[in-house]
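What follows draws every value from the coordinates through simple rules; no lab data is involved. Just so you know, these numbers come straight off a predicted model, no measurement behind them. Glycine also receives a Cβ, built like all others from the backbone with ideal geometry; neighbour counts cover every protein chain displayed.
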Number of protein chains: 2
Amino acid sequence: MFAPLINDTFIKACWRQATAHTPVWLMRQAGRYLPEYCATRARAGSFMGLATNVDHATEVTLQPLERYPLDAAILFSDILTVPDAMGLGLSFALGEGPRFEKTVRDEQSVAALHVPDMNKLKYVFDAVTSIRHALKGRVPLIGFSGSPWTLACYMVEGAGSDDYRRVKELLYSRSDLMHRLLSVNADAVALYLNTQILAGAQAVMIFDSWGGVLADGAFQTYSMAYTQRVLSQLIKTHEGVPIPRIVFTKGGGLWLDEMKNLDCEVLGLDWSVNLARARQQVAGPVGGPGKALQGNLDPNVLFAPENIIEQEVIKVLESFGAPHRDLNTPGPTHIFNLGHGISQYTPPDHVSTLVQTVHQHSRAMRAKK
Amino acid sequence: MFAPLINDTFIKACWRQATAHTPVWLMRQAGRYLPEYCATRARAGSFMGLATNVDHATEVTLQPLERYPLDAAILFSDILTVPDAMGLGLSFALGEGPRFEKTVRDEQSVAALHVPDMNKLKYVFDAVTSIRHALKGRVPLIGFSGSPWTLACYMVEGAGSDDYRRVKELLYSRSDLMHRLLSVNADAVALYLNTQILAGAQAVMIFDSWGGVLADGAFQTYSMAYTQRVLSQLIKTHEGVPIPRIVFTKGGGLWLDEMKNLDCEVLGLDWSVNLARARQQVAGPVGGPGKALQGNLDPNVLFAPENIIEQEVIKVLESFGAPHRDLNTPGPTHIFNLGHGISQYTPPDHVSTLVQTVHQHSRAMRAKK
């Protein structure tokens with residue numbers, strides 16, 4: 001049905017297999033820093049107009065691949081499509097973050113929540129299939145969703161927040177309601193990701209963007225446990241091909257020793273994490289079990305001159321250290337990424353420097369004895 | 001000159017000495033959640049009107065002590081008084097955060113920065129002395145400042161930020177300018193804190209509110225090193241009394257192994273940190289060296305019903321575990337606090353529950369064999 005995969009570097013690294021270079025892609029790589037994205041968005045009229053139109057979503061997903069030799073594509077969509085399909089009414093005012101028309105803050109609104117009919121998200125699955133065809137096997141396509149906890153933050157707050165007061169009030173005051181809300185979210189996210197896999201996604205990523213705002217103890221109970229509930233329901237293979245799963249908790253560096261027990265292949269890391277230490281904690285030995293690591297350059301490095309971008313990219317690569325080179329057994333691998341989404345103010349040329357430096361320097365690292 | 005200290009529980013715990021109960025105070029304890037504070041602020045006309053008037057500052061500092069049996073008072077002021085005295089023009093629009101009239105983003109504006117004349121901050125030192133008198137030795141008075149890096153964030157951004165784009169751009173593009181800016185800040189903060197000590201502050205705290213936004217590596221170079229530059233210049237004793245020093249880096253939990261080498265007595269922790277693990281890392285053994293730990297309840301717990309506040313306070317106390325009880329030697333101690341400033345929406349009665357639970361339960365913990 002789809003063309004065979006040509007550049008499998010990203011997929012191999014997910015499975016801790018040796019690769020000739022360190023694969024690289026960027027969170028939010030199809031986005032506002034690209035003038036061609038802004039042009040398509042202007043034609044679409046709005047963010048949701050862009051995300052819900054299969055042709056537009058396909059076009060913008062491929063835009064960064066035309067500019068840069070990235071090793072993966074990621075579905076153009078939003079982390080909040082699932083609660084939108086639950087009937088909460090997602091919108092994006094120009095220059096602002098996402099906003100829900102309805103919020104979920106009491107017994108009645110939690111009781112009314114159900115796993116949505118996946119037909120309401122058909123535009124996402126159609127986009128996945130369309131992008132897979134358009135990619136012609138150049139690089140793999142990553143599907144994604146927000147984590148149950150991250151979705152809950154927006155569903156309760158109704159928008160972004162700087163203190164998470166309402167969602168934490170619900171968590172601490174009515175943990176029963178929070179557990180019910182998170183259970184529905186987890187089952188909905190699992191079904192959503194599985195349907196993306198059936199539509200053509202070759203890897204899936206769970207964005208726990210707000211896991212790091214929780215207290216120690218609360219994170220394990222209200223975020224990590226429900227991420228695991230999603231993972232435990234995911235399809236392991238599709239048409240005989242195994243599907244790697246990535247979990248990214250922004251601000252989750254303190255909990256890596258616990259996150260290494262998640263049933264996933266890759267952990268995404270933000271820039272506060274020391275990659276050498278994380279490698280020791282979770283990347284595992286050659287021939288033994290472990291998880292691939294993805295990350296973790298501060299996106300703000302991309303505002304520096306190109307020679308400094310090169311230096312900082314090399315620092316990240318060297319901090320992880322030499323990836324293993326044994327073709328016959330899995331071992332520690334690194335997938336280069338930013339520690340968070342790329343800024344809309346990033347000069348596009350600076351991204352070229354980043355990608356080129358990752359490829360060149362990671363090849364040079366492998367060439368060393 | 002000042003009355004002798006009656007309740008020395010907080011000071012003893014700073015020095016890792018055994019106490020009959022775990023001392024408790026709350027960051028931003030004199031603040032908008034108290035109706036009496038709002039009344040005084042209304043009379044003062046503005047936040048800076050409040051902070052720069054000795055009588056008002058004294059009045060609001062003591063307000064929470066009238067309501068709750070807190071074990072320390074903290075000077076009512078703002079973390080940004082120092083750059084204001086450098087001529088940047090601090091203001092607080094109603095319902096918004098702090099804002100500077102001038103920003104520091106280029107060679108010229110960095111070159112123009114100097115350690116300010118402490119006469120411009122006389123209102124702060126006068127307030128310290130006035131509060132010390134008004135306290136009549138009931139509890140010790142903590143002085144404070146923002147850290148060099150945290151001040152730099154506001155000086156470069158001009159206000160709060162959600163991505164720290166401008167300050168990080170300067171850091172990565174012109175690290176020479178950033179080092180010069182941070183050096184001036186560090187020397188200014190040291191002089192500022194020393195002058196607070198001379199005016200009557202019995203402990204000092206450095207708020208590194210934005211240290212946690214830095215990448216691993218950058219934190220050590222641009223935040224921690226300049227916090228250490230402040231600490232190395234601080235007066236160790238005043239009139240024969242040693243002055244304990246507290247460092248609080250929000251989001252700094254990943255760097256505790258490095259922060260334990262800071263020349264200070266206490267480390268403040270936010271709620272993402274596991275206190276039992278932090279105790280093992282930095283609190284040291286009975287009879288050996290170490291640092292006292294301060295923290296770390298999520299302020300949002302105070303929106304829950306009182307029985308849940310009790311449970312969560314007890315969880316924090318039990319997570320640290322039994323403080324040592326040997327009166328003859330220092331050992332691990334805990335100072336109870338929130339993991340960040342108290343929310344303006346907190347019901348004042350809930351704070352009573354918190355303080356009472358800390359005192360009662362920590363006494364009960366010490367009574368156990």
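Tabulated data for the structure shown
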quantity: Environment charge at B:TRP255 (Cβ cut-off 13 Å; Lys +1, Arg +1, Asp -1, Glu -1); calculated: -2
quantity: Whole-Hz ³J(HN,Hα) from phi, Karplus 6.51 cos²θ - 1.76 cosθ + 1.60, for segment A:131-137, glycine and proline x; calculated: 5, 3, 5, 5, 5, 6, x
quantity: Average partner coverage of A:210-218, which counts Cβ from other chains inside 10 Å; calculated: 6
quantity: For A:PHE144, residues with placed amide H under 5 Å, excluding near neighbours; calculated: A:MET205
quantity: Crossing angle, helix B:35-44 versus chain B [Cα axis fit, 0-90 degrees, rounded to tens]; calculated: 30
quantity: Tilt relative to chain B, helix B:148-157 - C-alpha long axis, 0 to 90 degrees, to 10; calculated: 50
quantity: Label point 7 Å beyond Cα along the C-beta direction, distances from B:PRO4 to other copies (nm, shortest first); calculated: 8.9
quantity: Residues of segment B:280-311 with amide N under 14 Å of the 7 Å Cα→Cβ point at B:ASP326; calculated: B:284-290
quantity: Helix-only CD estimate at 222 nm, as mean residue ellipticity for chain B, using -39500 (n - 2.57) per DSSP H run (n ≥ 4); calculated: -12000 deg cm²/dmol
quantity: Theoretical FRET efficiency, 1/(1+(r/R0)^6), r = Cβ-Cβ of A:ALA134 and A:ASP163, R0 56 Å, to 0.05; calculated: 0.85
quantity: Debye-sum result for the protein assembly as shown in log10 I(q)/I(0), which assumes one identical scatterer on each alpha carbon, at q = 0.06, 0.08 Å⁻¹; calculated: -0.37, -0.67
quantity: Under Karplus coefficients 6.51, -1.76 and 1.60, residue-wise ³J(HN,Hα) of segment B:169-178 in Hz, glycine/proline x; calculated: 4, 5, 4, 7, 7, 9, 4, 4, 5, 5
quantity: DSSP-defined beta bridges in the protein assembly as shown - what % are antiparallel, rounded to 5; calculated: 20
quantity: Which of B:ASN261, B:THR237, B:VAL213, positive extreme of dipole for segment B:144-267 (C-beta unit charges); calculated: B:THR237
quantity: Efficiency of FRET from Cβ geometry, B:ASP55 and A:VAL286, R₀ 56 Å, rounded to 0.05; calculated: 0.20
quantity: Charge dipole magnitude, Cβ of K and R +1, D and E -1 - chain A, Cα centre, debye nearest 20; calculated: 760
quantity: Per the axis that maps chain A onto chain B, nearest residue of A (Cβ criterion) and its distance in Å; calculated: A:LEU254, 3
quantity: For segment B:186-193, 3J(HN,Hα) per residue [Karplus equation, 6.51 cos²θ - 1.76 cosθ + 1.60, θ = phi - 60°, Hz, x = Gly/Pro]; calculated: 4, 5, 5, 5, 4, 5, 4, 5
quantity: Per-residue mean of C-beta atoms belonging to partner chains within 10 Å, peptide B:250-256; calculated: 3
quantity: Percent of beta bridges antiparallel (DSSP, segment A:9-367, rounded to nearest 5); calculated: 20
quantity: When segment B:71-121 is reduced to its Cα atoms, the Kirkwood hydrodynamic radius in Å; calculated: 12.6
quantity: Peptides B:117-125, B:103-111, B:52-60 ordered by average Cβ neighbours within 10 Å, highest first; calculated: B:52-60, B:117-125, B:103-111
quantity: Placed amide H near B:SER272: partners under 5 Å, 5+ positions off or other chain; calculated: A:ASP216
quantity: Within straight-line cross-link reach of A:LYS315, lysines at Cα separation under 18 Å, skipping those fewer than 8 residues along the same chain; calculated: A:LYS368, B:LYS168
quantity: Relative contact order (%) - criterion: Cα under 8 Å, at least six apart; region: chain A; calculated: 21
quantity: Residue-averaged beta-carbon neighbours from other chains (10 angstrom radius) around B:302-311; calculated: 3
quantity: Within-12-Å neighbourhood charge of A:ARG67 [Cβ basis; K, R +1; D, E -1]; calculated: -3
quantity: Nonlocal amide H pairs with A:ASP78, under 5 Å, H built at 1.01 Å; calculated: none
quantity: For segment A:266-291 versus segment B:236-282, the gap between their alpha-carbon centres in whole angstrom; calculated: 27
quantity: A:SER362, A:SER173, B:SER272 arranged by Cβ crowding within 10 Å, fewest neighbours leading; calculated: A:SER173, A:SER362, B:SER272
quantity: Segment B:159-212 and segment B:49-126: distance between their alpha carbon centers, rounded to Å; calculated: 14
quantity: Inter-label distance, nm, simple model (7 Å from Cα along the C-beta direction), B:ASP176/A:LEU198; calculated: 6.2
quantity: Share of Cα-Cα pairs in segment A:159-265 lying beyond 25 Å, as whole percent; calculated: 24
quantity: Charge tally in the Cβ shell below 13 Å around B:ALA93, where Lys, Arg are +1 and Asp, Glu are -1, B:ALA93 excluded; calculated: -1
quantity: Semi-axis lengths, Å, chain B, gyration tensor of Cα atoms, sqrt of 5 times eigenvalues; calculated: 31, 24, 20
